[in-house]
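Just below is one structure, and these are the notes that go with it.
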């Protein structure tokens, strides 16, 4: 090991570190540790609890900002796209009708830190599910494709009705209900 060059001030050192990157690394390592220690299913459960609380907070923030007590179906879709935009995701609506909204996404807010951390996708599932259920009464979220699993993009199906076709019996779908 060589003697450090004291002519470069530490504060000027080319270290790729700032708050956003630090927090993404922190969340990645926390979720990875959970996945390694308790397994993917249990880690997803822990992250789901956090996602539920975050979803409740975001739902309240949008309703307060829009001065409404309940979001309409159209507003729910717009809020979900907007919240992801605000945290540097690129979600968009692929298709929608009275029973479901299908979202696509080409860039995860966690960036490359989400790779091999599918438990982090429970944040999206819970935030989407909580906001939709709190305003529309019910939601079922399917994560058809995820960047975390290596799909290269996300495809999230938000079902707004509990009516299911025989081919919609996905075991990975999570249901959400209005809390009160």
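The values are calculated or read from the model by the stated rules, or taken from the named source; none is laboratory data. What you see is a predicted model, and the numbers here were worked out from it, not measured in a lab. All Cβ positions, glycine included, derive from the backbone under ideal geometry; neighbour counts span all protein chains shown.
Here residue 167 meets the list (1) outside any helix (DSSP H, G or I); (2) modelled with pLDDT under 95; (3) surrounded by fewer than 14 Cβ atoms within 10 Å (Cβ to Cβ) almost entirely, failing just condition (1). Only residues that are assigned to a strand (DSSP E or B) and buried (at least 22 other Cβ atoms within 10 Å of the Cβ) were counted across region 129-139, and they come to 1.
Quick grid of which residues meet (1) over 19 Å from residue 23 (Cβ atoms); (2) at pLDDT 95 or above:
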{"position": "46", "(1), (2)": "no, no"}
{"position": "57", "(1), (2)": "no, yes"}
{"position": "69", "(1), (2)": "yes, yes"}
{"position": "72", "(1), (2)": "yes, yes"}
{"position": "77", "(1), (2)": "yes, yes"}
{"position": "92", "(1), (2)": "yes, yes"}
{"position": "100", "(1), (2)": "yes, yes"}
{"position": "112", "(1), (2)": "no, no"}
{"position": "122", "(1), (2)": "no, no"}
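Against the test of being farther than 18 Å from residue 128 by Cα and either touching a residue at least 24 places away in the same chain (Cβ under 8 Å) or out of contact with any strand residue (DSSP E or B) (no Cβ under 7 Å at 6 or more places or on another chain) (or both), the options 55, 32 yield a single qualifying residue, 32.
For region 68-95, filtered to residues that are in contact with a strand residue (DSSP E or B) (Cβ under 8 Å, 6 or more places away or on another chain) and over 19 Å from residue 134 (Cα atoms), the residue that is surrounded by the fewest Cβ atoms within 10 Å (Cβ to Cβ) is 95. Say whether the condition of being part of a helix (DSSP H, G or I), in contact with a helix residue (DSSP H, G or I) (Cβ under 6 Å, 6 or more places away or on another chain) and farther than 19 Å from residue 153 by Cβ is met by at least one residue in region 2-20. The answer is no, given that none of the residues of region 2-20 is part of a helix (DSSP H, G or I), in contact with a helix residue (DSSP H, G or I) (Cβ under 6 Å, 6 or more places away or on another chain) and farther than 19 Å from residue 153 by Cβ.
Residues being surrounded by 23 or more Cβ atoms within 10 Å (Cβ to Cβ), touching a strand residue (DSSP E or B) at 6+ places or on another chain (Cβ under 7 Å) and closer than 21 Å to residue 152 by Cα are represented in region 111-122 by at least one member.
The set of residues from region 82-112 being more than 21 Å from residue 126 (Cβ to Cβ) and in a helix (DSSP H, G or I) comprises just one member, 112.
Can you confirm whether region 67-81 contains a residue that is within 14 Å of residue 123 (Cβ to Cβ), part of a helix (DSSP H, G or I) and touching a helix residue (DSSP H, G or I) at 6+ places or on another chain (Cβ under 6 Å)? Before you say what the answer is, go through the steps one by one.
Here is the first cut: in region 67-81, the residues within 14 Å of residue 123 (Cβ to Cβ) are 80.
Adding the requirement that they be part of a helix (DSSP H, G or I) leaves 80.
Next cut, touching a helix residue (DSSP H, G or I) at 6+ places or on another chain (Cβ under 6 Å) only: 80.
The answer is yes, given that some residue of region 67-81 is within 14 Å of residue 123 (Cβ to Cβ), part of a helix (DSSP H, G or I) and touching a helix residue (DSSP H, G or I) at 6+ places or on another chain (Cβ under 6 Å).
Just one of the listed residues (99, 151) is exposed (fewer than 15 other Cβ atoms within 10 Å of the Cβ) and within 20 Å of residue 178 (Cβ to Cβ), namely 99.
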